[in-house]
Every structure is written in C-alpha cells, then in structure tokens.
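Engineer: Below is a structure I'd like to ask you about.
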Amino acid sequence: MKLTIRLAAAAAGLLAAGCGSAGPAGPPSASPTPSPSASAPASAPASAPGPATPAPFTYQPLFPFGSLAEVRAWQASYASGGHQPWHLNPGLTALAFTQGYLGFSHIGKVAALRMTGGDAHVTVGFHRPDGHVSAAAVIHLVKYGSGRNVPWEVVGTDDTTLTLDVPAYGGVATSPVRIGGKVTGVDESLQAEVHRLGASGPVGSFCCQPAGGQASPWSLSVPFHAMPGQLITIVVHTGGHVAAVERFAVTGARVG
C-alpha cells in the first residue's frame with residue numbers, strides 16, 4: 001500500500017512535469033545536478049509502445065518481473081482490469097525500483113529521461129537542502145515481453161562517478177560475494193546490499209567502508225542468503241554529506 005501511494009504521488013509529479021503516459025517527457029521541476037551519464041529528457045511519450053523484445057532476452061531481469069511468465073500474467077490482468085499501469089511508464093518503474101525495492105525512499109525525482117524505442121535511461125535523484133535536484137543514478141530499463149502493453153523492466157544502471165564492475169554483469173556469485181568498482185568523491189562511505197525478488201527486504205548487507213579519490217578503486221565482501229540459480233540484485237551506495245544515500249549503482253548476478 002505504501003508503494004502504491006508513493007507511485008500515485010510520483011505519477012502526479014511526472015504528469016505535472018510532462019513525463020506521464022499521456023504527454024511528452026519534460027524537464028524536471030528543479031535544476032538537477034546531472035551525473036556524467038545523465039542526459040536531457042526526451043520528447044517521446046514516457047509510455048510510448050516500443051518494439052517487441054527479441055528472444056532470447058540478453059539482459060538480467062532485475063525488477064519488477066523475474067520471468068516472462070510473470071510478464072504475461074500482468075499483461076492479462078492489465079487487459080482485463082487495468083491493473084498496475086505504472087509498468088508502462090519507465091519513470092514510474094525506475095522510482096518503484098529505487099524507493100520500493102531498494103528502499104531509498106528519499107530518492108523520488110525523475111531528473112532526466114532518455115528513450116530510444118524499447119530502451120530507456122532514467123536519471124533518478126533527490127532534493128538537496130538548497131532545493132536543487134541531485135542525480136543519484138541512471139537506471140537502464142528495456143521493454144520485456146511481446147504483444148500489446150509490453151512493460152518496462154529494470155536491467156541495471158549506467159556508469160557514473162560510482163561504478164559496480166565486479167562481479168561481472170550476469171556472472172555467478174556465491175556468498176560472501178566480492179564486489180568492486182571505482183568511486184570519485186571525498187569522505188565517501190560505501191555500503192552494499194543484496195536483493196532478491198520475492199524477499200521482504202535485503203538478503204544480505206555490508207556497512208561500511210571509507211572511500212574517496214578520483215576514480216579510486218574499491219572492493220568489499222557482502223554475505224547473503226539465496227538459493228543456487230536465483231537472480232540477485234547487488235547495490236552499492238554512498239552518502240552522508242546531505243543525504244543518507246546520494247549515489248548508487250547496481251548489477252545483476254546468478255547465485256552459483
């Protein structure tokens with residue numbers, strides 16, 4: 001219910017900004033502080049239908065669907081009763097992933113949106129104390145499934161000033177999983193969690209590791225609980241200057 005309320009509020013904000021399903025995507029209500037991969041909002045409608053996803057699906061389906069069977073079940077429920085229309089909007093799907101799945105409730109702003117057919121890159125951010133929007137991550141989504149009303153699926157994040165390069169995207173992970181990447185910043189504090197669809201919260205976590213520098217390498221280990229073959233989402237984040245989470249990056253892996 002809390003996620004539904006947040007999504008309804010976010011939908012109203014997106015529609016007011018011109019990013020709703022009925023109109024073209026517009027600029028954010030405040031001037032964002034863009035990440036290196038951020039781009040200006042696209043002029044295409046946020047829920048414009050894209051081409052059917054080719055088989056096989058080459059990405060890791062991280063959220064909200066774990067399989068094509070789940071996609072088809074939602075398509076049937078939407079066709080019969082219009083259930084959960086936010087699946088057709090990449091901005092709302094990105095916010096549901098950030099707030100509802102990862103638990104970063106304060107990151108509730110779509111700062112930029114770039115779309116090409118069935119591919120979308122959504123910059124999500126938060127309001128700083130000075131009122132400006134600070135970009136936290138660029139979420140990559142693709143259309144997942146085929147037929148009418150193909151929903152959006154989160155498949156990862158773009159590289160910014162915080163990267164998550166190890167384990168390799170789509171690779172195999174065992175507990176504890178060694179993760180690593182690069183970070184740019186001063187007095188950073190890295191934390192990490194492991195998520196699995198269907199779980200009520202993180203299935204593993206790590207806190208905390210100091211970091212900083214210019215594209216400085218970092219690495220740490222995260223213990224987690226998941227069954228072999230399950231797909232997990234690994235997230236690393238840093239913050240503490242003006243918000244608990246200011247930047248984050250994710251990758252997907254299979255449990256070995």
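Engineer: In this structure, is TYR169 of a type in the set (Phe, Trp, Tyr), modelled with pLDDT of 95 or more and closer than 27 Å to LEU220 by Cα?
Structural biologist: Values: of a type in the set (Phe, Trp, Tyr): yes; modelled with pLDDT of 95 or more: yes; closer than 27 Å to LEU220 by Cα: yes.
In short, yes.
Engineer: Please specify each residue of the range 53-80 satisfying the condition of being more than 19 Å from GLY118 (Cα to Cα) and open to solvent by less than 50 Å² (accessible area, probe 1.4 Å).
Structural biologist: Hit for the range 53-80 is SER77, nothing else.
Engineer: Got a number for residues in the range 90-101 being open to solvent by 10 Å² or more (accessible area, probe 1.4 Å), in contact with a Phe, Trp or Tyr (Cβ under 8 Å, 6 or more places away or on another chain) and under 19 Å from VAL235 (Cα atoms)? Walk me through it before giving the result.
Structural biologist: Initial filter on the range 90-101 (open to solvent by 10 Å² or more (accessible area, probe 1.4 Å)): 92, 99-101.
Add one more test, that the residue is in contact with a Phe, Trp or Tyr (Cβ under 8 Å, 6 or more places away or on another chain), and what stays is 92, 101.
Filter once more, so that each one left must be under 19 Å from VAL235 (Cα atoms): 101.
Total satisfying the criteria: 1.
Engineer: Name the strands (runs of 3 or more DSSP E) wholly inside the range 153-256 in which the number of residues that are open to solvent by 20 Å² or more (accessible area, probe 1.4 Å) is 3 or more.
Structural biologist: Working: elements: 177-195, 204-222, 231-238, 247-255.
Of the strands (runs of 3 or more DSSP E) lying wholly inside the range 153-256, those with at least 3 residues that are open to solvent by 20 Å² or more (accessible area, probe 1.4 Å) span 177-195, 204-222.
Engineer: Further, regarding this structure: When the range 114-131 is examined, which residues are found to be in a loop (DSSP other than H, G, I, E, B) and either more than 22 Å from VAL183 (Cβ to Cβ) or aromatic (Phe, Trp, Tyr) (or both)? Let's see the steps before the verdict.
Structural biologist: Of the residues in the range 114-131, the ones in a loop (DSSP other than H, G, I, E, B) are 117-118, 128-131.
Once the filter is applied, which keeps residues that are in a loop (DSSP other than H, G, I, E, B) and either more than 22 Å from VAL183 (Cβ to Cβ) or aromatic (Phe, Trp, Tyr) (or both), the range 114-131 yields GLY117, GLY118, PRO129, ASP130, GLY131.
Engineer: Something else now. Of all the residues that make up the range 138-152, how many are closer than 20 Å to GLY125 by Cβ and either open to solvent by 20 Å² or more (accessible area, probe 1.4 Å) or hydroxyl-bearing (Ser, Thr, Tyr) (or both)?
Structural biologist: The total comes to 1.
Engineer: So, one more: Given the structure, is LEU220 at pLDDT 95 or above, closer than 26 Å to PHE57 by Cα and hydrophobic (A, V, I, L, M, F, W, C)? It would help to see each step written out before you state the result.
Structural biologist: On the way: at pLDDT 95 or above: yes; closer than 26 Å to PHE57 by Cα: no; hydrophobic (A, V, I, L, M, F, W, C): yes.
For LEU220, the condition - at pLDDT 95 or above, closer than 26 Å to PHE57 by Cα and hydrophobic (A, V, I, L, M, F, W, C) - is not met.
Engineer: Please indicate, with yes or no, whether at least one residue in the range 95-113 is modelled with pLDDT of 95 or more, hydroxyl-bearing (Ser, Thr, Tyr) and not in a helix (DSSP H, G or I). So that I can check it myself, show each step before the final result.
Structural biologist: First, pick out the residues of the range 95-113 that are modelled with pLDDT of 95 or more: 95-113.
Now restrict to residues that are hydroxyl-bearing (Ser, Thr, Tyr): 98, 101, 105.
So of that shortlist, the ones also not in a helix (DSSP H, G or I) come out as 105.
Yes: one or more hits.
Engineer: Here are VAL122, VAL110: which of them is without any contact (Cβ under 8 Å) to a residue 40 or more places away in the chain and surrounded by 18 or more Cβ atoms within 10 Å (Cβ to Cβ)?
Structural biologist: Step by step, each of VAL122, VAL110 is checked, and only VAL122 is without any contact (Cβ under 8 Å) to a residue 40 or more places away in the chain and surrounded by 18 or more Cβ atoms within 10 Å (Cβ to Cβ).
The values are calculated or read from the model by the stated rules, or taken from the named source; none is laboratory data. In this text, all values refer to a predicted model and were calculated from it rather than measured experimentally. Neighbour counts run over all protein chains shown; Cβ positions are idealised from the backbone, glycine included. To get the accessible areas, we keep the full protein, side chains included, count just its heavy atoms, and leave off ligands, DNA and RNA. Shrake-Rupley method; radii C 1.70, N 1.55, O 1.52, S 1.80 Å.
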